[in-house]
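Written below as structure tokens is the structure these notes are about.
The values are calculated or read from the model by the stated rules, or taken from the named source; none is laboratory data. Since the model is a prediction, treat every value here as computed from it, not as a measurement. Cβ coordinates were reconstructed from backbone atoms using ideal geometry, including for glycine residues, and neighbour counts include every protein chain displayed. SASA here: full protein model, heavy atoms, side chains in, ligands and nucleic acids out. Shrake-Rupley method; radii C 1.70, N 1.55, O 1.52, S 1.80 Å.
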2 protein chains.
Amino acid sequence: MAQGPRIVIIGGVACGPKTACRLKRIMPESQVTLIDRDRIVSYGACGLPYYVEGQFENIETLTHTPVGIARTPAFFDQAKGFTVHTQTEALSIDREAKSVQVKDLANDTISTLAYDKLVLATGGSAFKPPIPGIDFENVWFMTHPDHAESMAAQIQQQGLKRAVLIGAGFIGLEMAEALTLQGLDVTVVEMEDQIMPGLLDEDMATYAAKHIRSKGVYLALDERAVAIEGNGKVAALKTTAQTYPADLVMVAVGTRPNDQLAREAGLLCNNGIVINQHCQTSDPDIYAGGDCVINHYSTADANPMFVPLGSTANKHGRVIADHIANKPTPFSGITATGIVRAFDYTIGRTGLTEKAARQSGLEIETTTWAGPDKPHYMDAKPLAIKMIASQKDRRLLGIQVAGLSTAGKGYLDVAAAAILFGGNLDQLANVDFCYAPPYSPPIEPLATCAHLLTNKLDGLANGVSPLEAKKRIEAGEVVLLDARTPAELEEMRLPYDVVHIPLGALRQRMHELPRDRDILAFCKVSMRGYEAQRILNAAGYERVGFIEGGIVGWPFEVQFG
Amino acid sequence: MAQGPRIVIIGGVACGPKTACRLKRIMPESQVTLIDRDRIVSYGACGLPYYVEGQFENIETLTHTPVGIARTPAFFDQAKGFTVHTQTEALSIDREAKSVQVKDLANDTISTLAYDKLVLATGGSAFKPPIPGIDFENVWFMTHPDHAESMAAQIQQQGLKRAVLIGAGFIGLEMAEALTLQGLDVTVVEMEDQIMPGLLDEDMATYAAKHIRSKGVYLALDERAVAIEGNGKVAALKTTAQTYPADLVMVAVGTRPNDQLAREAGLLCNNGIVINQHCQTSDPDIYAGGDCVINHYSTADANPMFVPLGSTANKHGRVIADHIANKPTPFSGITATGIVRAFDYTIGRTGLTEKAARQSGLEIETTTWAGPDKPHYMDAKPLAIKMIASQKDRRLLGIQVAGLSTAGKGYLDVAAAAILFGGNLDQLANVDFCYAPPYSPPIEPLATCAHLLTNKLDGLANGVSPLEAKKRIEAGEVVLLDARTPAELEEMRLPYDVVHIPLGALRQRMHELPRDRDILAFCKVSMRGYEAQRILNAAGYERVGFIEGGIVGWPFEVQFG
């Protein structure tokens, strides 16, 4: 076979191996060498919390293919046709000479690898907060199989019972689940005043946090970790507010792009290596992908953002290989999709949050819907959906989901597609969604949410978010109208004085409501709340709104019985 | 309140009530009267199989709201503000006078309802095949709560054991599940040679049928029901091939639009009432929606089609109300989405099948992918996806799914959105799908399937469908290359002679394969099959393909152990 171009890939997880595998399939003459400073490559880092949780028994599962073949250098050589050097660190790039200086960490020898095209897949690193005790025994990060393996082993061997996790992002919540299910007491310390800061808006974060607390996790929000206390070994975590006794501390306060090598080589970086749609860096012979790059957003609504994810890294790998092989398939950017399972809750987002959209100066409208994911006669599970759209052209900008229903996964995917395709709310509501009782109600909740937001934009629905409603209720500004049946009222209620008029009696009994005060109606999911608003509007009551999501979507305490 | 326009709605399930409810919310001055010849209205007809299955105990659940309020005329009057006349049949429409002649079935009196706008929501009727015995006792259709209630009661009271269902469409498969779970022996008779004819392509139907058979259902395909035998009560069903002893027969061989009233009024009909994007008929003062209309397809790829579904009926209702209220929200048509749960299989489709696309003269390419819906270290479940795209512009035209994974539901919704938005395969693969191990592998299966189809269009992947592969294998035209590990081969194999070379050994052992014969490679899911093809191609083997979907997607028998 003719000798093709020399491709050097730095980094052996996700983007790197994906680039190499794809390249060898579509450009078999290419000579591909992948190096990594680690002793293992191509492992499933996202699976680490599930190892700790006990989902699978052998940590090597993460470094083996689904049929049990270890992803070793020999495997890549034989099955995939490219060379892998582990324990080999890239020291510097000579862009002029088109070579990489590398160090064999086992033998401590230095050599040079010449390239025609270079691929930087150097990944990201967990941010290490500069606090005392961060290097103590029983302090873990969760980015490498060794971390998961040693944490699980030490929990067993030392009988660790009290876990304090720093950071309430994706990994923090996954580990809160894993450690709780392993029988530990879990506290999550988060410096922001909500879980998943920057990922969810406050209202959805509050809604999800209520459920996570119900599983026994203590959420220490608005507290900053100050010091890990102990004598070389974790005894407690001190925050700006309290000191939490702890047998183990896990730190997951964000990832930083490993872009030092690129910066030293003079490549353009900006909180990650800057790439074009073909994943080329500012040097067209050098590509970059995975957690070391900053991604374009799919639409003009947001600036590039650093969102490290294995799914994106794999997309990058394909794009890089295709461009090297002269079969370009441009990457259309990300919409910042993220999902996490926290116990039996599915929590996720795609697109822009309300906060991010407002910070970008976009004129938007939002709504929150809550309700069941199936007809009431099936095993329906509730979820809440928050939706954000542009006022001007009604384009979908983002959604967030949280709830017991796993249907949120599909809604996020549909919304991610709609955002990428520039779809507006009317189109979203018109999608020919699947309908059968085991899967959804006849009107898909995502469509219902789009309808509700359209109704707000059209001035028909005067929905008020639960957070706003709570403020106005507690300031004594509103009269609450509970439009539910007496039986529902018996079962559960908001902890406030209400006027109780079931919807069916409202046309007869509306005189019980004042015309000169603001009225907020609600019901179980606020469909009847919205209908009450319309009935009252039609009768000349002008100051009427409803609490979006009703009692099912209420993120604060309710009273039972 | 000012007296608004008089709106008369004929038909009280799905589209009719939806029109009325929406209209009263956005145009409260409208005077809305809904009539239906039945004694009950607004019931969840799609829930009938689940009542028979025992999912819920009281048939009235289907005529009550989620909080237990009966949807009676009084309910609609009090809570929704419109008038309902049950047991009232529309006899004729006088378009000149703008009135409907109606008959009160209880009192046998005839009167006239004047309208400004008329809405036809007359629904569909189950087709009644003209065979002897069709009116016997214990022959059921499944379109009304009475049917489900009496079937369930008679199964108990008479101890019915042997069920024969005529028609292997959505309702046939739902009832096969329901009756099997109720302990009956179930035979499904279908005149076409596959289940879900017109809905799934033969290959996907064969794949799904294999699973349904494994649940004990006997599928009598390619057999036409000829007569129901018995003495006034079902004893057997005779088909063109056999006679099946039967204690009950259920007939579900399709729905016909109830468009007679419209036809008699001179409205344009064509296998359903013809409507525009605002659901107006050929008379602009008369609207129609729900199962009595023929729908536009969302793109120019297909002609209007009759697809009666509750989800579409609800969309129509909203569109009609919005147009009457001068807030038009045009309906963008259907993509013929359909889904059914058959035991633990999720089976569905959206867009065009391969067969329909070819019949339309479209130049297409297709592929089938099969594999797990999650990383292998989680509780992954398999599914198969068939994807159809236009050769010319790579637009997605349709997908079909079948498998144990319920993720197919979300894939169908994403595909329905992509088809509506005119998305192509590259865009579909670029959607920022959710990724976390409890939900999906890092490369979403729908994206993998799009990649595979792109690879076929680019001449990289030479995938062959299982049906085509079987034909060529049994004609002795191909050498089979099993690229799996020895352990996998021990566990399960195709029932044919194969050359067994694990992928990792192929570069060394390819000389065992002939260069002058067609080779078909495969593995568990045919990823290694595809890789084997590329490795052999690179070594100058030109006549190599792979079996799409591998063993997981193989729709015929395999050998175990």
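Just to check your reading of the model, which residue among A:SER111, A:SER125 is farther than 30 Å from A:GLY183 by Cα, more than 14 Å from chain B (Cβ to nearest Cβ) and small (Gly, Ala, Ser)? Walk me through how you get there before you give the answer.
On the way: A:SER125 fails: farther than 30 Å from A:GLY183 by Cα.
Going through A:SER111, A:SER125 in turn, just one is farther than 30 Å from A:GLY183 by Cα, more than 14 Å from chain B (Cβ to nearest Cβ) and small (Gly, Ala, Ser): A:SER111.
Looking only at the stretch A:243-265, filter to residues that are over 23 Å from the mean Cα position of the chain (by Cα) and open to solvent by less than 50 Å² (accessible area, probe 1.4 Å); which one of those is farthest from A:GLY12 (Cα to Cα)?
The first filter runs over the stretch A:243-265 and keeps only residues over 23 Å from the mean Cα position of the chain (by Cα), leaving A:243-248, A:260-265.
Of the ones still in play, those that are also open to solvent by less than 50 Å² (accessible area, probe 1.4 Å) are A:244, A:246-248, A:261-262, A:265.
On the way: A:TYR244: 38, A:ALA246: 35, A:ASP247: 33, A:LEU248: 30, A:LEU261: 16, A:ALA262: 17, A:ALA265: 20 Å.
The selected residue is A:TYR244.
Matching residues to (1) surrounded by 19 or more Cβ atoms within 10 Å (Cβ to Cβ); (2) in a loop (DSSP other than H, G, I, E, B); (3) away from chain A (no Cβ under 11 Å):
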site: B:GLY47; (1), (2), (3): yes, no, no
site: B:TYR51; (1), (2), (3): yes, no, no
site: B:LEU62; (1), (2), (3): yes, no, no
site: B:GLY68; (1), (2), (3): no, yes, no
site: B:ALA79; (1), (2), (3): yes, no, no
site: B:VAL84; (1), (2), (3): yes, no, yes
site: B:ASN107; (1), (2), (3): no, yes, yes
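Can you tell me which residue is most open to solvent (accessible area, probe 1.4 Å) among those in the stretch B:425-443 that are in a loop (DSSP other than H, G, I, E, B) and without any contact (Cβ under 8 Å) to a residue 24 or more places away in the chain? Give the steps one after another, and end with the answer.
Going through the stretch B:425-443, the residues in a loop (DSSP other than H, G, I, E, B) turn out to be B:431-443.
Right, trim to without any contact (Cβ under 8 Å) to a residue 24 or more places away in the chain and you get B:431-436, B:443.
Numbers: B:VAL431: 0, B:ASP432: 8, B:PHE433: 7, B:CYS434: 1, B:TYR435: 20, B:ALA436: 4, B:ILE443: 47 Å².
Among residues in the stretch B:425-443 that are in a loop (DSSP other than H, G, I, E, B) and without any contact (Cβ under 8 Å) to a residue 24 or more places away in the chain, the one most open to solvent (accessible area, probe 1.4 Å) is B:ILE443.
Before we move on, is A:GLY422 within 10 Å of chain B (Cβ to nearest Cβ), farther than 30 Å from B:VAL52 by Cα and open to solvent by less than 10 Å² (accessible area, probe 1.4 Å)?
Values: within 10 Å of chain B (Cβ to nearest Cβ): yes; farther than 30 Å from B:VAL52 by Cα: yes; open to solvent by less than 10 Å² (accessible area, probe 1.4 Å): no.
Considered against the rule, which asks whether it is within 10 Å of chain B (Cβ to nearest Cβ), farther than 30 Å from B:VAL52 by Cα and open to solvent by less than 10 Å² (accessible area, probe 1.4 Å), A:GLY422 comes out as no.
Looking at (1) within 14 Å of chain B (Cβ to nearest Cβ); (2) buried (at least 24 other Cβ atoms within 10 Å of the Cβ), find the lone condition where A:VAL552 falls short.
Failed condition: (2).
Taking the conditions exactly as written (open to solvent by 30 Å² or more (accessible area, probe 1.4 Å) and either within 35 Å of the chain's Cα centre (by Cα) or within 14 Å of chain B (Cβ to nearest Cβ) (or both)), does A:ARG484 satisfy them or not?
On the way: open to solvent by 30 Å² or more (accessible area, probe 1.4 Å): no; either within 35 Å of the chain's Cα centre (by Cα) or within 14 Å of chain B (Cβ to nearest Cβ) (or both): yes.
Here the answer is no, as A:ARG484 does not meet what is asked.
For A:PRO372, indicate whether it is surrounded by fewer than 24 Cβ atoms within 10 Å (Cβ to Cβ), closer than 30 Å to A:THR180 by Cβ and more than 11 Å from chain B (Cβ to nearest Cβ).
Details: surrounded by fewer than 24 Cβ atoms within 10 Å (Cβ to Cβ): yes; closer than 30 Å to A:THR180 by Cβ: yes; more than 11 Å from chain B (Cβ to nearest Cβ): no.
So A:PRO372 fails the test.
Of A:ALA357, A:ALA302, A:ALA336, which residue is aliphatic (A, V, I, L, M), over 15 Å from the mean Cα position of the chain (by Cα) and within 13 Å of another protein chain (Cβ to nearest Cβ)? Give the derivation first.
Working: A:ALA357 fails: within 13 Å of another protein chain (Cβ to nearest Cβ); A:ALA336 fails: over 15 Å from the mean Cα position of the chain (by Cα).
Sole residue among the options that is aliphatic (A, V, I, L, M), over 15 Å from the mean Cα position of the chain (by Cα) and within 13 Å of another protein chain (Cβ to nearest Cβ): A:ALA302.
For B:SER30, which of the numbered conditions (1) farther than 28 Å from B:PHE170 by Cβ; (2) in contact (Cβ under 8 Å) with a residue 60 or more places away in the chain; (3) in contact with a Lys or Arg (Cβ under 6 Å, 6 or more places away or on another chain); (4) within 14 Å of chain A (Cβ to nearest Cβ) fails to hold?
(3)
What are the residue pairs meeting all of these: first residue in the stretch A:531-557, first residue under 15 Å from A:LEU506 (Cα atoms), second residue of a type in the set (Ser, Thr, Tyr), Cβ atoms under 6 Å, and 6 or more apart or on different chains?
Here the result reads A:PHE546/A:SER526; A:PHE546/A:TYR530, each pair linking the stretch A:531-557 to a residue that is of a type in the set (Ser, Thr, Tyr).
Quick check: is even one residue across the stretch B:31-41 within 15 Å of B:HIS147 (Cα to Cα), of a type in the set (D, E, K, R) and in a loop (DSSP other than H, G, I, E, B)?
yes
Select from the stretch A:375-406 the residues that are part of a loop (DSSP other than H, G, I, E, B) and within 14 Å of another protein chain (Cβ to nearest Cβ) and list them in ascending order. Spell out the reasoning first.
Our first condition is that a residue be part of a loop (DSSP other than H, G, I, E, B); within the stretch A:375-406, this holds for A:375-381, A:391-394, A:404-406.
Within the stretch A:375-406, A:PRO375, A:HIS376, A:TYR377, A:MET378, A:ASP379, A:ALA380, A:LYS381, A:ARG394, A:LEU404, A:SER405, A:THR406 qualify.
Return yes or no: is A:THR366 open to solvent by less than 10 Å² (accessible area, probe 1.4 Å), at pLDDT 95 or above and over 23 Å from A:ASP116 (Cβ atoms)? Quick ask: steps written out before the conclusion?
Details: open to solvent by less than 10 Å² (accessible area, probe 1.4 Å): no; at pLDDT 95 or above: yes; over 23 Å from A:ASP116 (Cβ atoms): yes.
Answer is no for this residue.
Is it the case that some residue within the stretch A:87-104 is among the acidic types (Asp, Glu), facing chain B (nearest Cβ under 9 Å) and open to solvent by 30 Å² or more (accessible area, probe 1.4 Å)? Walk me through how you get there before you give the answer.
Our first condition is that a residue be among the acidic types (Asp, Glu); within the stretch A:87-104, this holds for A:89, A:94, A:96, A:104.
Keeping just the survivors that are facing chain B (nearest Cβ under 9 Å) gives none.
Scanning the stretch A:87-104 turns up no residue that is among the acidic types (Asp, Glu), facing chain B (nearest Cβ under 9 Å) and open to solvent by 30 Å² or more (accessible area, probe 1.4 Å).
Is it the case that B:GLU223 is part of a loop (DSSP other than H, G, I, E, B), more than 18 Å from the chain's Cα centre (by Cα) and either at pLDDT 95 or above or farther than 26 Å from B:LYS161 by Cβ (or both)? Full working, then the answer.
Working: part of a loop (DSSP other than H, G, I, E, B): yes; more than 18 Å from the chain's Cα centre (by Cα): yes; either at pLDDT 95 or above or farther than 26 Å from B:LYS161 by Cβ (or both): yes.
Criteria met by B:GLU223.
Between a residue in the stretch B:496-509 that is more than 7 Å from chain A (Cβ to nearest Cβ) and polar (S, T, N, Q) and any residue that is open to solvent by 20 Å² or more (accessible area, probe 1.4 Å) and assigned to a helix (DSSP H, G or I), which pairs come within a Cβ distance under 9 Å, given they are 6 or more apart or on different chains?
Going by the 9 Å Cβ cut-off, the qualifying pairs are B:GLN508/A:GLN78.
Go through A:MET510, A:MET492 for me and flag whichever is under 25 Å from B:CYS21 (Cα atoms), of a type in the set (A, V, I, L, M, F, W, C) and open to solvent by 10 Å² or more (accessible area, probe 1.4 Å). Give the derivation first.
On the way: A:MET492 fails: under 25 Å from B:CYS21 (Cα atoms).
Of A:MET510, A:MET492, the one residue that is under 25 Å from B:CYS21 (Cα atoms), of a type in the set (A, V, I, L, M, F, W, C) and open to solvent by 10 Å² or more (accessible area, probe 1.4 Å) is A:MET510.
B:PRO66 is checked against (1) at pLDDT 95 or above; (2) at negative phi and fails just one. What number does that condition carry?
Evaluating B:PRO66 over (1) at pLDDT 95 or above; (2) at negative phi leaves (1) as the failure.
Residues of the stretch B:266-299 being small (Gly, Ala, Ser) and buried (at least 20 other Cβ atoms within 10 Å of the Cβ), which ones? Lay out the reasoning, then the answer.
Of the stretch B:266-299, the ones small (Gly, Ala, Ser) are B:266, B:272, B:282, B:288-290, B:298.
Across the stretch B:266-299, the qualifying residues are B:GLY272, B:ALA288, B:GLY289, B:GLY290, B:SER298.
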